[in-house]
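The values are calculated or read from the model by the stated rules, or taken from the named source; none is laboratory data. Because the structure is a prediction, the values reported are computed rather than measured. Every residue, glycine as well, gets a Cβ built from its backbone with ideal geometry; the counts of neighbours run over all protein chains shown. Just the protein is used for accessible areas: all its heavy atoms, side chains included, with ligands, DNA and RNA removed. Shrake-Rupley method; radii C 1.70, N 1.55, O 1.52, S 1.80 Å.
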Amino acid sequence: MENFTFYAPTYFDFGRGTETHVADLIRQFGGSKVLLHYGGGSIKKNGLYDRVVDTLKKADLPFVELGGVKPNPRSGLVYEGIELCKREKVDFVLAVGGGSTIDSSKAIAAGSLYDGDFMDFYQGKATVEKALPVGTILTIAAAGSEGSPNTVITDEKTWIKKGARSDLLRPKFSILNPELTCTLPPYQTAAGATDIMIHVCERYFSNTQEVEVTDRLCEAILKTVIYEAPRVIENPDHYEARANLMWAGMLAHNNVCGVGRIQDWASHHIEHELSALYDVTHGAGLAVVTPKWMRYVLDKNPDKLVLFATRVWDIPLDPGDPKATAQKGIEAFENFLKKIGMPSTFDEIGAKKEDIETMTDKLLKTKKTEGNYVKLNRDDVIKIYESCI
Ligand code: NZQ
Ligand code: ZN
């Protein structure tokens, strides 16, 4: 196991009705003037917006609001949010929504206390040294931003989607009420489940040896999603299944199952180029890319794929042909993704063969290789994109 530090101080308030605690939690974490930040309107349709506003008003907690975060959140709205926070002397950012809203909130929180351009954090030109506190009310089990130190923003000038990371950006609190996810369209539920699985895979596919505890945590989360995702797609109001999926989403990405090991992240970075260029739903893009990545790296480094097949998909090991066992595991994964309604080809997500070179150039702009389980060069990345056609 590699040396590591792990600091994940988010306070989680989980369960039915927990959104009513929001004003108390904001006060507990030092907020006295709030930016209420949200997405494209789902919270207005399902009544959550009214309930949150009502709670803030009853608690006499002043707030300003900024809606309109788009999936794959963009830099333009972040600039607007920073301006608003500075003008209104906001001292707490409340995200009500999914990963996109939370990531946009984290960007606003960091940008509000920074003199330069907030995109510096995403372009590797500066690190976050101060940020307003962020709290979240999560409405989709997916990105894990409710417990992660990460934020991903698309730069509208270059259409490059990049991440920034700082423990200062971990939410102070996250309210996780599984009931709030019952209004999700099945496609979003499935894309979220896929994202959760791939967050685990990015950590599971590691060459670090003797990491039994994190291997087993990863396998438990994967098996939970395999069990629960079809149950919520069949019955969107299944509270217990929604609850397990929601906590799995947090555990998959707050890094409790990733510490002490060299992680991969090639699938995510290859996918981010797709969502930046075509505005693909992140989890759906991963459903296309990750199985192709698995097939590509199988010849070069099969060991962990064999473990994935036997321990996660219960494929019996063929000791004479472990590669065939691994292949069956990948097939089981592909069948699962198909069953929950995820795409598997470029066509289905509107991606185009002629953009492969451009996406690869953007991906490898500042580095020679991508990923760690197998280090992929330009040629490898192109071949993976081509196998998605
Ligand atoms: O915008 P609204 O109207 O709220 O609609 C959203 C959006 O259209 C809708 N939705 C969310 N909750 C709902 C709902 N609709 C009905 N009922 C509900 N309860 O779902 C759509 C997707 O929302 P979004 O926030 O984009 O989903 P997700 O949580 O999957 O976030 C995706 C973003 O997170 C980034 C992705 O790259 C992508 O930009 N990621 C962030 C990470 C992080 N910060 O740690 C890690 C991830 O790997 C990921 O890259
Ligand atoms: Zn993801």
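Remarks
- Size descriptors for region 243-389 (Cα atoms only): Rg and Dmax, in that order, 15.7, 44 Å.
- Ordering 363, 5, 59 by the projection of their Cα atoms onto the charge dipole of the chain, which places +1 on the Cβ of Lys and Arg and -1 on the Cβ of Asp and Glu, puts 59 at the extreme positive end.
- Residues whose amide H comes within less than 5 Å of that of residue 63, counting only those at least five positions distant or on another chain, are 34 (H built at 1.01 Å from N in the peptide plane).
- Overall form of region 64-159 per C-alpha gyration tensor (a/c, 1.5; a/b vs b/c): rounded
- Whole-Hz Karplus values for region 357-374 come out as 5, 4, 5, 5, 4, 5, 5, 9, 4, 10, 8, 8, 10, 10, x, 10, 4, 10 Hz, taken residue by residue from phi with 6.51 cos²θ - 1.76 cosθ + 1.60 and θ = phi - 60°; glycine and proline positions read x.
- Kirkwood Rh, angstrom, region 181-270 [1 / mean 1/r, Cα pairs]: 13.4
- Debye-formula intensities of region 235-317, expressed as log10 I(q)/I(0) at q = 0.15, 0.23 Å⁻¹, are -0.81, -1.26 (one equal scatterer per alpha-carbon, no solvent).
- Taking a sphere under 10 Å around the Cβ of residue 277 and counting the other residues whose Cβ falls inside, with K and R at +1 and D and E at -1, yields a net charge of 0.
- Here's the list of aspartates and glutamates a cross-link from residue 161 could span, going by alpha-carbon distance under 17 Å and ignoring same-chain residues fewer than 8 apart: 103, 117, 120, 195, 271, 273, 279, 355, 357, 361, 370.
- Rg followed by Dmax, in Å, when region 171-234 is reduced to its Cα trace: 14.1, 42
- Dipole magnitude of the chain, debye to nearest 20 (Cβ charges: Lys/Arg +1, Asp/Glu -1, about Cα centre): 460
- In degrees, nearest ten, helix 239-253 long axis to first principal axis of the chain (Cα): 80
- The chain - mean residue ellipticity at 222 nm from DSSP helices (-39,500 (n - 2.57) per run, n ≥ 4, rounded to 500): -14500 deg cm²/dmol
- Of 162/323; 44/89; 70/223, those spanning more than 28 Å from alpha-carbon to alpha-carbon: 162/323; 70/223
- Folded to 0 to 90 degrees: helix 378-387 orientation relative to the chain principal axis, Cα: 90
- Assigned charges on the beta-carbon of Lys, Arg, Asp, Glu; region 244-389 dipole about Cα centre (debye): 380
- Computed 3J(HN,Hα) for region 80-94, one whole-Hz value per residue from the Karplus formula 6.51 cos²θ - 1.76 cosθ + 1.60 where θ = phi - 60°, is 4, x, 5, 4, 5, 5, 5, 5, 8, 6, 6, 10, 7, 10, 10, glycine and proline marked x.
- Whole-Hz ³J(HN,Hα) from phi, Karplus 6.51 cos²θ - 1.76 cosθ + 1.60, for region 31-41, glycine and proline x: x, 10, 9, 10, 9, 8, 10, 8, x, x, x
- Surface share of carbon and sulfur [accessible, 1.4 angstrom probe, percent] for the chain: 51
- The chain: relative contact order as a whole-number percent, Cα under 8 Å and 6+ apart: 16
- Looking at the chain alone, DSSP beta bridges between its own residues are antiparallel in about 25 percent of cases.
- Packing order of peptides 276-287, 72-83, 23-34, highest average first: 276-287, 72-83, 23-34 (average count of other Cβ atoms within 10 Å over each peptide's residues).
- With the convex hull drawn over the C-alpha atoms of the chain, the volume per residue is 126 Å³.
- Distance from the C-alpha centroid of region 173-187 to that of region 76-123: 23 Å, rounded to the whole angstrom.
- 5 angstrom amide H check on residue 176, placed H, neighbours 5+ away: 13, 14, 15
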